[in-house]
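Read through the structure below, which is laid out as structure tokens, and then see the notes.
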Amino acid sequence: MDSVTKRYPDGTVAVDRLSLEIPDRSITVLVGPSGCGKTTTLRMINRMVEPTEGTILLDGADLQQQPVTTLRRSMGYVIQNAGLFQHRTILDNIATVPRMTGWGKHKSRARAAELMERVGLDASLGKRYPYQLSGGQQQRVGVARALAADPPVLLMDEPFSAVDPVVRKGLQDELLRIQDELGKTIVFVTHDIDEAIKLGTMVAVMRTGGRLAQFAPPAELLSDPADAFVEDFLGADRGIRRLSFFPSAALELTRGPVVRADATAEQLAAADGAAHLLVTDADDRPLGWAEPGDLGAGRPADRRLLPYGRPFVPGTDSLRAALDCAVLSPTGWAVAVDSDGRVTGVVSQQTIGEAIRTAHGTAAGTGGSAPAEDAADVTKVAP
Ligand SMILES: Nc1ncnc2c1ncn2[C@@H]1O[C@H](COP(=O)(O)OP(=O)(O)O)[C@@H](O)[C@H]1O
Ligand SMILES: [Mg+2]
């Protein structure tokens with residue numbers, strides 16, 4: 001969109017000279033406080049609202065030149081509370097657009113059933129009515145309905161805002177999974193900055209008056225907020241949250257303090273000097289921490305073990321997850337495991353702290369030992 005303005009008839013400027021280049025086949029999030037023009041922007045994309053000034057191009061063609069019905073069919077639309085037809089079954093709700101575009105009843109229903117599976121809904125719910133579903137399930141139906149005609153573009157307006165945090169997390173994860181499979185061009189509106197950071201490939205932060213404050217990938221928002229408004233909107237712990245974008249794979253692990261429950265006196269002696277020892281079973285799964293004096297050779301000392309907390313998986317988990325594990329650990333050491341839960345080593349808070357300083361230094365361009373292209377390589381890892 002190029003310098004798009006929307007002035008409503010009463011004079012309200014909802015969107016003010018907004019220019020955005022929305023990338024194909026990824027999720028672009030519009031985020032900002034209530035009333036900053038997010039919904040208006042989204043509705044200008046499917047022409048439910050016409051801009052007062054400026055142009056919106058889709059694949060290089062002016063939206064203004066395209067018939068509204070064709071345009072809408074190429075864009076799925078999902079809103080808060082799903083906006084389902086209450087008097088139609090779930091299957092018929094999802095089949096709405098295919099039916100409208102002339103698919104037969106049978107084919108439309110088959111498509112609807114396939115989509116229910118895709119969004120994680122049990123087939124048995126197909127014959128129910130919307131009021132018989134939970135809020136989270138209804139929201140999934142809303143997503144399935146929007147996907148029914150396989151549109152290249154998906155517009156989503158606060159779709160998960162009305163459900164509780166646990167269900168919401170499930171819906172977000174599901175959307176990321178679906179997006180991995182389908183590669184739609186998604187424009188997602190939310191007022192929740194954490195949701196924006198989790199879902200967005202690119203995030204547009206808007207301020208009241210419909211002006212763009214910053215348009216950047218989430219990691220860049222967190223490292224380089226454009227101004228005090230963006231910084232304030234991101235919240236107080238942006239430094240910690242930013243660590244979600246750095247992998248923990250490069251952390252240097254040590255096996256020094258790791259011993260098996262049936263370790264011999266000799267093996268225990270080899271771990272001499274460590275303040276705490278991580279005891280594992282014969283299968284290398286963690287049992288807990290012990291002080292060296294509490295361990296007699298050849299017998300497990302489960303009763304004296306301190307909990308090992310939550311382990312992290314280097315390569316999958318982020319630096320933030322590793323730090324969290326160390327902070328939660330009674331010894332200040334985080335336990336690293338492989339994907340099967342077998343201990344691969346332990347790492348101290350201090351070592352993690354050094355890795356954090358390197359990570360921050362690298363991305364901020366203020367030195368640090370890693371080459372500059374590493375900063376550009378920062379990708380999402382599990383928080
Ligand atoms: N149909 C309308 N007529 C007049 N003002 C409107 C209309 N729709 C929205 N607005 C105003 O435009 C501004 C942006 O609204 P909206 O796009 O809904 O914001 P958001 O979705 O970010 O909360 C608000 O001040 C709102 O009151
Ligand atoms: Mg809105």
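Only strands (runs of 3 or more DSSP E) wholly contained in region 181-248 count here; list those with 1 or more residues that are open to solvent by 30 Å² or more (accessible area, probe 1.4 Å).
Strands (runs of 3 or more DSSP E) meeting the threshold: 202-207, 211-216.
Does at least one position in region 334-341 carry a residue that is within 19 Å of Arg255 (Cβ to Cβ), open to solvent by 50 Å² or more (accessible area, probe 1.4 Å) and not acidic (Asp, Glu)?
Scanning region 334-341 turns up at least one residue that is within 19 Å of Arg255 (Cβ to Cβ), open to solvent by 50 Å² or more (accessible area, probe 1.4 Å) and not acidic (Asp, Glu).
Quick check on Arg111: is it out of contact with any strand residue (DSSP E or B) (no Cβ under 7 Å at 6 or more places or on another chain) and closer than 29 Å to Leu57 by Cα?
no
Go through Ala216, Ala144, Ala123 for me and flag whichever is out of contact with any Cys (no Cβ under 6 Å at 6 or more places or on another chain) and touching a residue at least 40 places away in the same chain (Cβ under 8 Å).
Ala144
Check Thr96 against each of (1) open to solvent by less than 40 Å² (accessible area, probe 1.4 Å); (2) within 16 Å of ligand 1 (Cβ to nearest atom); (3) hydroxyl-bearing (Ser, Thr, Tyr) and name the one condition it does not meet.
(2)
Among the residues of region 80-90, is there at least one that is within 24 Å of Ser161 (Cα to Cα), in a helix (DSSP H, G or I) and either not assigned by TED's automatic domain parsing to the domain that holds Leu171 or not aliphatic (A, V, I, L, M) (or both)?
No; the residues of region 80-90 include none that is within 24 Å of Ser161 (Cα to Cα), in a helix (DSSP H, G or I) and either not assigned by TED's automatic domain parsing to the domain that holds Leu171 or not aliphatic (A, V, I, L, M) (or both).
Can you spot a residue in region 260-267 that is part of a loop (DSSP other than H, G, I, E, B), hydroxyl-bearing (Ser, Thr, Tyr), over 17 Å from Ile352 (Cβ atoms) and open to solvent by 50 Å² or more (accessible area, probe 1.4 Å)?
For region 260-267, residues part of a loop (DSSP other than H, G, I, E, B), hydroxyl-bearing (Ser, Thr, Tyr), over 17 Å from Ile352 (Cβ atoms) and open to solvent by 50 Å² or more (accessible area, probe 1.4 Å): present.
Answer yes or no: is there a residue in region 4-17 that is at pLDDT 95 or above, away from ligand 1 (no atom under 14 Å from the Cβ) and basic (Lys, Arg).
Yes, because at least one residue in region 4-17 is at pLDDT 95 or above, away from ligand 1 (no atom under 14 Å from the Cβ) and basic (Lys, Arg).
Here are some conditions: (1) in the same structural domain as Gln349 (by TED's automatic domain parsing); (2) open to solvent by 40 Å² or more (accessible area, probe 1.4 Å). Leu253 meets all but one. Which one does it not meet?
Unmet condition: (1).
Going by what's in this entry, would Thr101 be described as touching a Phe, Trp or Tyr at 6+ places or on another chain (Cβ under 9 Å) and at pLDDT below 95?
no
Could you list, in sequence order, the residues of region 72-92 that are open to solvent by less than 10 Å² (accessible area, probe 1.4 Å) and more than 26 Å from Met44 (Cβ to Cβ)?
Within region 72-92, Ile90 is the sole residue that qualifies.
State which residue pairs qualify: first residue open to solvent by 40 Å² or more (accessible area, probe 1.4 Å) and inside region 29-51, second residue aliphatic (A, V, I, L, M) and near ligand 1 (Cβ under 6 Å from one of its atoms) in any location, beta carbons under 9 Å apart, and separation of 6 or more residues or different chains.
Note: pairs meeting the criteria are Gly35/Ala14; Thr39/Ala14.
The values are calculated or read from the model by the stated rules, or taken from the named source; none is laboratory data. Keep in mind that what you see is a predicted model, and the values were worked out from it rather than measured. Glycine gets a Cβ as well: all are built from the backbone with ideal geometry, and neighbour counts include every protein chain shown. With ligands, DNA and RNA removed, areas are computed over all heavy atoms of the protein, side chains included. Shrake-Rupley method; radii C 1.70, N 1.55, O 1.52, S 1.80 Å.
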